[in-house]
1. Using θ = phi - 60° and the Karplus curve 6.51 cos²θ - 1.76 cosθ + 1.60, what whole-Hz ³J(HN,Hα) does each residue of segment 30-38 get, with Gly and Pro shown as x?
2. Given a 1.4 angstrom probe, I'd like the percentage of the accessible area of the chain that is carbon and sulfur, rounded to a whole number.
3. Below 8 Å, C-alpha to C-alpha, sequence gap of six or more: please give me the relative contact order for the chain in percent.
4. Expressed as a whole number of Å, what is the distance separating the alpha-carbon centroids of segment 1-39 and segment 189-209?
5. Fully extended, how many nm does the chain gain between Q196 and L51 (0.36 nm per residue separation, minus their Cα-Cα distance)?
6. Considering the Cα positions of segment 3-98, please state its Rg to one decimal place and its Dmax as a whole number of Å.
7. Two decimals, Cα atoms only, Kirkwood Rh: what is Rg/Rh over the chain?
8. Classify segment 102-213: rounded, prolate or oblate, from the alpha-carbon gyration tensor (a ≥ b ≥ c, eigenvalue square roots; a/c under 1.5 rounded; otherwise prolate if a/b is larger than b/c)?
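The values are calculated or read from the model by the stated rules, or taken from the named source; none is laboratory data. As the structure is a computational prediction, the values presented were derived from the model and not from experiment. So basically every Cβ, Gly included, is an ideal-geometry build from the backbone, and we count neighbours across all protein chains shown. For the accessible areas, the whole protein counts, side chains as well, though only heavy atoms, and no ligand, DNA or RNA atoms are used. Shrake-Rupley method; radii C 1.70, N 1.55, O 1.52, S 1.80 Å.
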Amino acid sequence: MRLSLRRRAIYTGLAGHFSDEEVWPLLALWENKYAEQPPFALNEFLAEVVLRTERKLERARLYRELVGALTGPPSQLLPDPEAQLAAWRQGRNEAVRQVATPDSAAQTTFLVLNQALLEQLDGAQQAALRRFAAGNLSGMGVSSELSTRLRIWLEQGGSDGIASLGLEQLRKLLNLLYIGLCEFLGPVRADRVLSQAVSRVEQQGVEFSPRRLL
């Protein structure tokens, strides 16, 4: 797995537990010290995370999430934070704020919420939902180029599928996924799946509330 994918995986795992102020030094620590280490070094990294943050963490849960991110499909990972991390390394806080726009915060929450939705479905249901959404993008009102990227993201796990989406477009995409859930699960179970996904994301303390995507 190339560095950019591993960085995205570690960032995805950390972002659910740490604020932006906390996550950059931890991600920098991983990249400087552990990125080229064998997989079992992940436990050493977590031990140092616990030591540095002095916080009570569900270490076993975080370990499982990191392993899942490292071994799962790239489509479930957050966008590569290389630019934000580089800005943080240079001490340019304003640059970090410019890179991490409000839309990027919404995108981060959307990806976490999407993962929480998919985790409640079996493999066949996930594939069916992806196909449904990929085949019904005409109502998104986006360019043909962006529509193609979204289709790749839905069908094949392209990494930058939602990178250009603003809040309203993210809402439309979530609504499209919800319509698909209703199609395959029925409205009662679809509501339950969405509600449980929102609750799970809220418990992670994300910066951008998932309810703002509804």
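1. Ordered by residue, 3J(HN,Hα) equals 4, 5, 6, 10, 10, 4, 9, 7, x Hz.
2. Details: 5430 of 10970 Å².
Its accessible area is 49 percent carbon and sulfur atoms.
3. Details: 204 pairs, mean separation 51.1, N = 214.
Computed value for the chain: 24 percent relative contact order.
4. Comparing the Cα centres of segment 189-209 and segment 1-39, I get a distance of 24 Å.
5. Numbers: separation 145, 0.36 × 145 = 52.20 nm, distance 3.22 nm.
Extra length from Q196 to L51 when fully extended: 49.0 nm.
6. 12.7, 36
7. On the way: Rg = 17.3 Å, Rh = 17.9 Å.
Looking at the chain, the ratio lands at 0.96.
8. Numbers: a/c = 1.66, a/b = 1.08, b/c = 1.54.
Here segment 102-213 falls in the oblate category.
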